[in-house]
Amino acid sequence: MTHSRSAMDMTRMTSPEVAAAIANGATTAIVVLGAQEQHGDHLPLATDTLWGERLAELLANRLGDALIAPPVSVGFSPEHMNFAGTISLRPETLAAVLEDYVASLERHGFQRIVVLPSHGGNFAPLADALPALRQRHPNIPIVAYTDLIGLVEAAAEVAAGFGVTPDEAGAHAGEWETSMMLVVEPAAVHHERGTAGYMGSLAPVFDQINRDGMESVTPNGVLGDPAKATAEHGSAYLERIADLLAGYIRGESD
């Protein structure tokens, strides 16, 4: 079953509809920072963008005053560049795109910008870009979730509840992301092609991945094992992460 797009998705709204929504109090814009990069033999290149969009929808429902901006669908992915189809922006390009998004959204009357990286490689460039971005836009809060460890820990809690180990859940194209994609776009998941990749903690190999590429640690590009992935698990992951983000945003905005 194909999921219909949210009524809060600006890409499917008309300009007068967006203006009316802002006038009626929808003054938060959610911007997802996704990616176009390999996700093993079984998931599409747009995986991070696709589940990020669904997360934005769940978050918008929780916040109640938000519209979903078009995602930034290419991110900072140099560690995946030896896999065909990957496209990577330089950190300064990503920062410039985000600047233009914020300037445009602020001009239309949005009073808060929420930035959600759904690709792990975007967390550090986003954190680096934030101080200057906020300095250039002092009249609106720019709330960005940059705690990658917090996100991984929340996912690990959900995984444990289903008897999935952290190694299986993985940080890239493992059980966690595969489960979310079985919710978001099941037709794009080739579960029968999924195979286990690197099984272990990310901390010891993080620097190697960034220096020598993902393939130096996991030739198939997978961190984890997608075997136990189900849509039930995926829904639980998405709901838990949406709760985490909603709580963070409310805390930052108080």
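The values are calculated or read from the model by the stated rules, or taken from the named source; none is laboratory data. Source: prediction; values computed, not measured. Cβ atoms come from the backbone with ideal geometry, glycine included; neighbour counts cover every protein chain shown.
Just to be sure before I move on: is L45 in a loop (DSSP other than H, G, I, E, B), free of Cβ contacts under 8 Å to residues at least 40 places away in the same chain, of a type outside the set (V, I, T) and buried (at least 19 other Cβ atoms within 10 Å of the Cβ) in the structure I sent?
Criteria not met by L45.
Considering (1) within 27 Å of P219 (Cα to Cα); (2) buried (at least 22 other Cβ atoms within 10 Å of the Cβ); (3) of a type outside the set (D, E), say which one I68 fails and leave the rest.
So I68 meets the others, but not (1).
Which pairs turn up if I take residues in the stretch 1-14 that are among the small types (G, A, S) and look for partners that are at pLDDT 95 or above and assigned to a strand (DSSP E or B) with beta carbon separation below 7 Å, at least 6 apart in sequence or on another chain?
Listed pairs, sorted by first residue: S6/I68.
Within the stretch 173-212, restricting attention to residues that are of a type in the set (S, T, N, Q) and touching a strand residue (DSSP E or B) at 6+ places or on another chain (Cβ under 8 Å), which residue is surrounded by the fewest Cβ atoms within 10 Å (Cβ to Cβ)?
Among those that are of a type in the set (S, T, N, Q) and touching a strand residue (DSSP E or B) at 6+ places or on another chain (Cβ under 8 Å), it is T195.
Can you tell me which of E92, E99, E53 is surrounded by 18 or more Cβ atoms within 10 Å (Cβ to Cβ) and at negative phi?
E53
Working only within the stretch 121-172, note down all residues that are in contact (Cβ under 8 Å) with a residue 40 or more places away in the chain, in contact with a strand residue (DSSP E or B) (Cβ under 7 Å, 6 or more places away or on another chain) and of a type outside the set (F, W, Y).
Passing the criteria: N122, L126, P141, I142, V143, G170, A171, H172.
Residues being small (G, A, S), out of contact with any helix residue (DSSP H, G or I) (no Cβ under 6 Å at 6 or more places or on another chain) and closer than 25 Å to Y248 by Cα: count how many of those fall in the stretch 154-169.
Residues flagged as small (G, A, S), out of contact with any helix residue (DSSP H, G or I) (no Cβ under 6 Å at 6 or more places or on another chain) and closer than 25 Å to Y248 by Cα within the stretch 154-169 amount to 2.
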